[in-house]
Structure formats: structure tokens, C-alpha cells
Amino acid sequence: MKAKKLGIIAAVVVFVAVAALAAIPFLIDAESLKNRLVKVAERVLNRRLSVQAVEITVFTGLGVRLNRAVLFDDIRFANAPFVSLNSITVRPRLLPLLSGQVEVASVALEKPEIRLIQNQQRVWNFESIDTAPVGAGKGTPATNAPASPAGKSAQPFTLSQMDLSDGTVVISKRSASGALEESRYEHINLKLRNFSTNTPASFDLRL
């Protein structure tokens with residue numbers, strides 16, 4: 001009899017837990033969350049970002065999924081997407097989250113297309129990320145960006161896991177004479193583990 005009661009209690013607890021998890025997406029204003037995320041990302045990257053929709057994931061792991069996201073290029077290189085992707089899912093670490101801190105545990109990128117452009121001065125379009133103002137390029141040299149305070153180093157960024165599936169990279173180089181050379185690499189799958197900006201990481205790459 002006791003075993004039966006314990007089984008009923010366990011079933012009720014599981015049901016309540018599942019119901020609570022299922023209710024999380026309905027308790028969060030997705031549009032407001034999307035606007036906040038876009039604003040923060042644009043401030044950090046100094047690039048314009050467009051996101052079609054935001055979802056809260058629960059049963060595949062607590063996280064945030066940005067659907068149909070486009071990060072636009074530095075307009076000195078192209079008035080077009082720098083990165084466009086089907087979706088990007090970011091999952092936080094649970095223990096820091098309980099104490100009010102947000103630490104990224106994993107990132108999953110689905111069908112990203114990245115366009116890398118090198119101009120005639122041998123400068124790449126990704127070099128201005130987080131340094132040039134949004135919309136820079138209207139006659140403003142990149143060297144006008146304010147320098148970081150002397151002696152102040154950036155806080156290391158760490159990431160336990162990043163999965164990139166079915167990606168595409170397009171590389172465009174323009175020579176000093178103005179000739180354009182373009183290469184395209186498709187069906188890229190990358191698994192990155194224990195990445196940090198100041199320590200080595202391991203990865204598996206398939207092309």
C-alpha cells in the first residue's frame with residue numbers, strides 16, 4: 001500500500017514539474033525579450049541585428065532560440081547580411097542562473113551563412129565588430145574609433161559547447177587592381193568544446 005501511495009505522489013510531483021516547465025514560455029513576453037536581446041547584441045557587436053521571432057525552449061533544454069536572425073555587415077564593405085541563419089539557440093548554465101547571473105553554457109547555430117570580405121586595403125569586414133559604431137562608414141575612418149583604456153584587458157569569454165550545423169562560408173577578396181576573387185564552402189559542421197578567448201579549445205570540423 002505504501003509503495004502505491006509513493007508511486008502516486010511521485011507521479012503527481014512529476015506532473016506538476018512538467019506542467020510548470022510547459023508554462024514557462026507562456027509567462028514570458030517573447031516580443032519584449034526579443035527587443036531586449038536585439039538591443040544588447042547591437043550594443044555589444046556594434047552591428048545592426050534583425051530577428052524574426054524568439055522562442056523559449058524547455059524540454060530540449062532551457063534556453064532562448066532566435067529564429068531567422070540576420071547580423072548586417074559594416075556598410076563600408078556591403079549593405080547586406082554579414083551572418084544570416086535559420087536559428088541560434090543559447091542555453092545558460094542553470095546554477096549561476098538561480099543566483100541571478102547569466103553564463104552561456106552552449107550555443108547551437110542552424111544553417112548559418114557567413115560572408116567574409118577583404119577590401120583592396122586588405123582589411124576584413126569582421127575586424128570592425130565591437131569597435132566601429134553601428135552604420136559607420138560614411139566617410140569615417142576606422143582609426144577614429146575610441147581606443148580602450150590603457151592597461152584594461154577584456155574579460156575572457158568562455159563557452160562549453162558550440163554546435164554549427166550545415167553552415168556556409170563565402171569568402172570575397174578584392175585585389176589592389178580591383179579584381180574580385182570569391183570562394184564558397186558549404187555543408188560545414190563544427191563542434192567546438194571548452195572554448196575560451198585565452199586558452200586552447202578542441203573542435204571537430206566536417207566540410
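Every number here is computed from the coordinates shown, using simple stated rules; none is lab data. Quantities reported herein were computed from a predicted structural model and do not represent experimental measurements. So basically every Cβ, Gly included, is an ideal-geometry build from the backbone, and we count neighbours across all protein chains shown.
Say each of Asp163 and Ile188 gets a label point 7 Å from the Cα, pointing the same way as Cα to Cβ; how far apart are those two points in nm?
1.9 nm
So which aspartates and glutamates can Lys173 reach, going by Cα to Cα under 20 Å and dropping same-chain residues fewer than 8 places off?
Counting by Cα, and skipping residues close in sequence, Lys173 has these aspartates and glutamates nearby: Asp73, Asp74, Glu113, Glu127, Glu181, Glu182, Glu186.
In a solvent-free Debye calculation with one equal scatterer on each Cα, what is log10 I(q)/I(0) for segment 43-91 at q = 0.14, 0.15, 0.24, 0.32 Å⁻¹, listed in the order of the q values?
Taking Cα atoms of segment 43-91 as identical point scatterers yields -0.40, -0.45, -0.87, -1.13.
Quick one: net charge around Leu109, please, counting Lys, Arg +1 and Asp, Glu -1 for every other residue with C-beta under 12 Å from its C-beta.
Result for the neighbourhood of Leu109: -1.
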